[in-house]
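This report concerns only the one structure given below.
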Amino acid sequence: MQHGSRHRRSDHGRGRRERPDNRPAAAPRSGRESWAAKALGATVAVSLAAGVVAVVAAGAVDQGAAATSLSVSPAEDTYVYQEYPDQNRSTSTKLTASNQPGLHTRSYLRFVVKGVPAGVSGLTAHLRFESDRNQPPLVELHRVASSTWSAATTTMRNAPAVGDTVASVKPDYRQKTLDFDVSAAVTGDGDYSFALTAPLPNTVSVVFASEQGAGGPRLALDWSGRGTPPAPAPSSAAPSAPALPSMSPVKPTPTPTGKPTPTSSAPSSSNPPPPPPAVPSGPTLFGATVWAAGQSQAQALAAANSRYGNLEVVRVFYPGLPAPWPGAAALSGGPVVVSFKAAPKDVLSGSVDGQLSSWFANAPKGRPIYWSYFHEPEDDIARGAYTAADYRAAWQHLRALSLKAGNPNLRSTLILMGWSLSAQSGRNWKDYYPGSSTIDVLGWDTYNLAGPKGKYNDAATVMGDVVATSRAEGKPWGIAELGSVLVSGDSGAGRAAWLNQMASYAQAKGAAFVTYFDAPVGAEYRLLDAPSQQAWRAVVSG
């Protein structure tokens with residue numbers, strides 16, 4: 001639905017206040033059940049060393065029984081970025097393989113296998129990845145001959161050469177995991193390196209890196225005769241193929257003298273694009289509002305994903321009661337920040353209980369849903385549309401309805417203006433707060449208020465009060481709207497640097513999510529210039 005055209009501008013709105021970020025109750029990635037855990041569910045561990053777990057068949061009583069399986073985590077993993085050939089991404093919590101305009105990446109992994117008996121027969125090996133993102137139609141794993149590379153020093157300029165295809169996976173619709181059969185490549189103890197690529201145009205694969213702990217990549221080997229446990233996703237070997245011409249390694253150059261020139265596939269600009277932000281170590285989801293003016297919501301989402309590289313979270317506005325699922329809120333298949341509206345008197349009378357109870361009951365259970373009732377109520381209350389007391393009471397009523405659905409991924413999210421935390425607003429945010437037992441997450445709308453003055457406020461000015469308030473209340477937090485106009489005289493490089501700073505700050509401070517307000521409501525906040533688009537694409541895909 002074209003929510004943007006109906007999204008009210010507040011008197012203290014986007015031109016005058018800030019907007020925050022949130023990523024609360026999302027289950028920690030490191031706590032998810034890993035492929036390794038599933039694969040070893042019917043085994044008993046007998047040794048553990050240097051990222052290698054050896055196991056024997058369940059039920060074995062001989063403490064000296066020989067191991068029949070190994071689960072190996074990467075000794076090294078990282079990814080390289082063609083448009084930024086001097087950037088090192090070894091500390092990222094994600095590995096990416098992208099083949100999108102202006103965003104070309106591939107990932108490298110190295111495994112050191114020890115403990116497979118010499119001459120063993122029937123050895124099978126699977127390389128498995130977990131993710132919270134849907135996978136593209138085709139992902140490939142390539143052989144890498146070098147075994148001396150280090151993630152800490154690898155960039156696009158010195159990345160090892162990519163060889164032939166070892167295996168490929170064609171994920172099902174909305175599949176998030178990957179399972180590559182590498183039995184033909186892994187034949188026993190040794191040092192094995194691979195490259196993960198996305199061969200199809202306009203696609204990207206994002207998986208968890210080893211920094212995610214138990215959710216990171218795993219090389220599972222089995223020589224028990226039973227074979228490795230089956231994985232939910234089909235995997236098939238692929239014939240040899242030349243290594244991606246668009247991602248061929250950039251040859252090292254002696255002492256570069258300046259910033260690299262963007263490739264022809266990157267958007268052109270009079271100014272070189274700023275470097276992408278250093279990827280913070282937290283699990284912040286980054287995304288945007290999907291502006292649907294003049295097109296369907298599905299078309300708008302596809303366009304946004306093309307610009308920014310598959311949004312990790314989407315901001316959806318319903319101008320009234322929410323549409324039945326799937327609706328606009330479920331189009332992305334991933335996490336969503338969704339708000340709806342109903343007069344507090346109607347909520348408290350129970351007249352909308354049936355529709356909202358059904359909406360809560362039918363909400364998807366496999367993804368975070370940050371739902372919000374009447375975001376930014378401050379100006380409506382100031383104008384006398386309803387009272388703060390009725391607003392709080394309506395929230396408490398809705399929370400009770402949502403709990404009956406029994407869906408832990410339904411996260412009640414109060415969304416207020418960042419401006420309301422400013423002394424200049426004359427407001428007390430607690431006037432709108434229905435209580436800790438009602439609200440799971442605090443969401444904030446924060447903007448660069450210095451834009452009309454030709455400046456970009458720093459991250460602490462934009463989000464400092466948001467962080468302090470959320471932490472004082474002991475609540476997860478997120479930025480439901482982040483925005484800035486392009487200030488006078490800026491070709492985009494200045495706003496791109498600002499976006500990088502906002503993203504790094506939010507993630508370093510533990511935001512659950514940040515969605516950019518990519519819409520022309522209240523002012524022109526859309527990222528229409530190439531540097532800003534490329535910066536936010538790097539944030540989303542990083």
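The values are calculated or read from the model by the stated rules, or taken from the named source; none is laboratory data. What you see is a predicted model, and the numbers here were worked out from it, not measured in a lab. Every residue, glycine among them, receives a Cβ derived from its backbone with ideal geometry; neighbour counts consider all protein chains shown.
Per-residue answers, yes or no, for (1) within 25 Å of ASP440 (Cβ to Cβ); (2) hydrophobic (A, V, I, L, M, F, W, C); (3) assigned by TED's automatic domain parsing to the domain that holds THR91:
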| site | (1), (2), (3) |
| --- | --- |
| ALA496 | no, yes, no |
| GLN507 | yes, no, no |
| THR515 | yes, no, no |
| VAL521 | no, yes, no |
| ASP529 | no, no, no |
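Applying the criterion of being assigned to a loop (DSSP other than H, G, I, E, B) and of a type in the set (A, V, I, L, M, F, W, C) to the residues of segment 428-456, the residue that is surrounded by the fewest Cβ atoms within 10 Å (Cβ to Cβ) is ALA450. Of the set (1) in contact with a strand residue (DSSP E or B) (Cβ under 9 Å, 6 or more places away or on another chain); (2) at pLDDT below 95, all apply to SER422 but (1). All conditions but one from (1) under 23 Å from ARG133 (Cβ atoms); (2) polar (S, T, N, Q); (3) modelled with pLDDT of 95 or more apply to THR203; the one that does not is (3). Pairs meeting the criteria (first residue in segment 333-347 and under 17 Å from LEU410 (Cβ atoms), second residue crowded, with 20+ Cβ neighbours inside 10 Å and of a type in the set (D, E, K, R), beta carbons under 8 Å, at least 6 apart or on different chains) are GLY334/ASP132; GLY334/ARG133; GLY334/GLU312; PRO335/ASP132; PRO335/GLU312; VAL336/ARG315; VAL337/ARG315; VAL338/ARG315. Considering only residues that are among the small types (Gly, Ala, Ser), in contact with a helix residue (DSSP H, G or I) (Cβ under 9 Å, 6 or more places away or on another chain) and in a helix (DSSP H, G or I), look in segment 406-427 and name the one that is surrounded by the fewest Cβ atoms within 10 Å (Cβ to Cβ). So the residue we want is SER425.
Quick check, is ALA151 modelled with pLDDT of 90 or more, outside the structural domain of TRP536 (by TED's automatic domain parsing), more than 24 Å from SER71 (Cβ to Cβ) and surrounded by 19 or more Cβ atoms within 10 Å (Cβ to Cβ)? No; evaluated as a whole, the condition is false for this residue. Scan segment 427-444 and give yes if some residue there is touching a His at 6+ places or on another chain (Cβ under 8 Å), assigned by TED's automatic domain parsing to the domain that holds PRO344 and modelled with pLDDT of 95 or more, otherwise no. Scanning segment 427-444, I find at least one residue that is touching a His at 6+ places or on another chain (Cβ under 8 Å), assigned by TED's automatic domain parsing to the domain that holds PRO344 and modelled with pLDDT of 95 or more, so the answer is yes. Among the residues of segment 475-487, are any on the phi > 0 side of the Ramachandran plot and surrounded by fewer than 24 Cβ atoms within 10 Å (Cβ to Cβ)? No, segment 475-487 contains no residue that is on the phi > 0 side of the Ramachandran plot and surrounded by fewer than 24 Cβ atoms within 10 Å (Cβ to Cβ). Of all the listed residues (ALA394, ALA385, ALA361), the sole one being more than 18 Å from ALA323 (Cα to Cα), assigned by TED's automatic domain parsing to the domain that holds THR469 and surrounded by fewer than 19 Cβ atoms within 10 Å (Cβ to Cβ) is ALA385. I want to confirm something. Restricting to segment 145-201 and keeping residues that are more than 26 Å from the chain's Cα centre (by Cα), charged (D, E, K, R) and assigned to a loop (DSSP other than H, G, I, E, B), which single residue is farthest from SER92 (Cα to Cα)? Ranking the candidates gives ASP189 first. From the list GLY163, GLY119, the lone residue that is farther than 26 Å from ALA214 by Cα and without any contact (Cβ under 8 Å) to a residue 24 or more places away in the chain is GLY119. Criterion applied to VAL467, VAL540 was being touching a residue at least 12 places away in the same chain (Cβ under 8 Å), hydrophobic (A, V, I, L, M, F, W, C) and surrounded by 24 or more Cβ atoms within 10 Å (Cβ to Cβ), and the one residue passing it is VAL540.
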